[in-house]
Amino acid sequence: MNPVTDNPAAPAAEPLLKVRDLVKHFPVRGGVFKREIGRVHAVDGVSFDLAPGQTLGVVGESGCGKSTMGRCILRLIEPTSGQVWFEGKEVTALGPEDLRAMARKMQIIFQDPYASLNPRMTVAAIIGEALTIHKLAPTKQAWQDRIVELLETVGLNADHMRRYPHEFSGGQRQRIGIARALAVDPSLVVCDEAVSALDVSIQAQVINLLEDLQAKLGLTYIFIAHDLSVVEHISDRVAVMYLGRIVELAPSRELYTTPRHPYTEALLSAVPIPDPTVRRKRIMLQGDVPSPIHPPAGCHFHTRCPKAQHPRCSTERPVLEQAADGHWVACHFHN
Ligand code: SF4
């Protein structure tokens, strides 16, 4: 694939991030000699572009590869193959030193803020660690001032500096995680299920905070969640993943009003509608998500798809193609 011209899901502006044919397979080992006996196809050829200041929502059931994809983009996990370009540089080709410098611009916020914050460190030490590593505060005073500024940016205050993570609520801990990510002035932030562990009202507060920060700092987000209703509000475009592949990618509003892939239709049918007079027919998918060690041939979704037509669906992989302006679908029989 040509990274410039074969643009599978391009935003209008020059992309900040380009991902091409990203693949991550994990070996499965067994037997006395721990030989490789199979491979988990976690990410199976993902491509997209992301323009600066935009948010790409990524949704799919647990195990669909969305978190692995996010980590591969940042090279927290080494991809098996494929390319990632960020600000015009190929991240997947960088050596350790250049990668460290690049890592500053690409941050991640994790799902469980408590697990990702060292319980023995004060909030100041957690947020200030990256300032020290990247030499972003020349004096102790500058270091402290920057931490206070970051705390205030995320809705906390200077009094919180000397406290420990266990003294905070889940929502506050996630704010500390956001402040830590912002400490190094990133351009791209991967929010990996960043609000999934929070109560619905707290989710809304954190999403509003992320939107405010995006407007103020010009941040670009990849917002990963398993729930379509969570990503709707914050995303400019949404990618739906199933067993390691993007099956549909479209502007947010269009995806919610005119889904074209049977899997997206099924996911959307489970999203509650606030208007009690509107009823949506629930599409119940049969069976569980197949094992990513032995994903079904052809269309990965064919074993559960209510619209599958054989033999084509079980033998031929559908490619992501443009069904309408900016609306990409991987289905042989999409509407
Ligand atoms: Fe369903 Fe076939 Fe489309 Fe796959 S390609 S989503 S199995 S209709």
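The values are calculated or read from the model by the stated rules, or taken from the named source; none is laboratory data. These numbers were taken from a predicted model, which means no experiment stands behind them. No Cβ is skipped: glycine too gets one built from the backbone with ideal geometry, and neighbour counts run over all protein chains shown. The area values use the complete protein model at the heavy-atom level, side chains included, leaving out ligands, DNA and RNA. Shrake-Rupley method; radii C 1.70, N 1.55, O 1.52, S 1.80 Å.
Across all directions, the average projected area of the convex hull around the alpha carbons of the chain is 19.7 nm².
Measuring nothing but how far apart in sequence close Cα pairs (under 8 Å, 6+ apart) lie, relative to its length, region 201-335 scores a relative contact order of 22 percent. Applying the criteria of a DSSP loop state and at most 12 other Cβ atoms within 10 Å to the trypsin sites (Lys or Arg not before Pro) of region 115-147 yields R120, K135. Near M284: Cβ cut-off under 15 Å, other residues only, Lys/Arg at +1 and Asp/Glu at -1. The net charge is +2. The label-point distance for V23 and M102, in a model that sets each label 7 Å from Cα toward Cβ, rounds to 2.0 nm.
A cut-off of 5 Å between modelled amide H atoms, ignoring neighbours fewer than 5 places along the same chain, links V154 with no other residue. Accessible surface for region 281-333, divided over its residues, is 61 Å² per residue with a 1.4 Å probe.
Largest first and in whole Å, the equivalent-ellipsoid semi-axes of region 177-246 read 20, 15, 11, each the square root of five times a Cα gyration tensor eigenvalue. Pairs with C-alpha atoms separated by more than 26 Å, drawn from the list K18/K216; K66/K105; K18/K135; K34/K105; K66/K307, are K18/K135; K34/K105. Loop-located trypsin sites (Lys or Arg not before Pro) in region 241-335 (DSSP state not H, G, I, E or B) with no more than 12 neighbouring Cβ atoms inside 10 Å: R279, R280, K281, R282. Label separation (M284 vs A93): 5.3 nm, computed from points 7 Å beyond Cα along the C-beta direction. Relative contact order of region 45-198, taken over Cα pairs closer than 8 Å and 6 or more residues apart, is 29 percent. In region 78-227, the alpha-carbon atoms span a convex hull of 129 Å³ per residue. Per residue, the accessible area of region 129-262 comes to 41 Å², computed with a 1.4 Å probe over protein heavy atoms only.
Placing dummy labels 7 Å off each Cα toward the beta-carbon, the span from E14 to M121 is 3.5 nm. Region 118-173 has equivalent-ellipsoid semi-axes of 19, 12, 9 Å, by the square roots of 5 times the alpha carbon gyration tensor eigenvalues, sorted largest first.
Counting only alpha carbon atoms, the long axis of helix 170-182 and the longest principal axis of the chain meet at about 80°.
The Cα-based radius of gyration and maximum Cα-Cα distance (Dmax) for region 4-156 are 18.8, 57 Å. Helix 200-217 and the longest principal axis of the C-alpha atoms of the chain enclose an angle of approximately 70°.
Annotation: extensible slack from T258 through L217 equals 11.6 nm (criterion: 0.36 nm per residue apart, minus Cα-Cα distance). Think of region 81-183 as having a plus end and a minus end, set by charges on the Cβ of Lys, Arg, Asp and Glu; of V154, A125, W85, A125 sits farthest toward the positive end of this dipole.
Amide H contacts of Q54 (H built 1.01 Å from N, in plane; Pro and chain starts excluded): Y221 sit under 5 Å, all sequence-distant by 5 or more or on other chains. For the chain, the longest principal axis of the Cα atoms and the long axis of helix 123-133 meet at an angle of about 80 degrees.
Here Y164 and T315 are evaluated by their C-beta separation; at R0 = 41 Å the FRET efficiency comes out at 0.10. The value for region 236-335 of Rg(Cα) / (2.2 N^0.38 Å) is 1.09. Dimensions of region 160-201 along the principal axes, based on C-alpha atoms and rounded to the nearest Å, stand at 30, 28, 13, largest first.
Given a 1.4 angstrom probe, I'd like the percentage of the accessible area of the chain that is carbon and sulfur, rounded to a whole number. Taking all protein chains in place, the chain shows 51 percent carbon and sulfur surface.
Considering only I283, I178, I126, the mean-square fluctuation computed in a Gaussian network model of the chain, springs between alpha carbons under 10 angstrom, is largest for I283.
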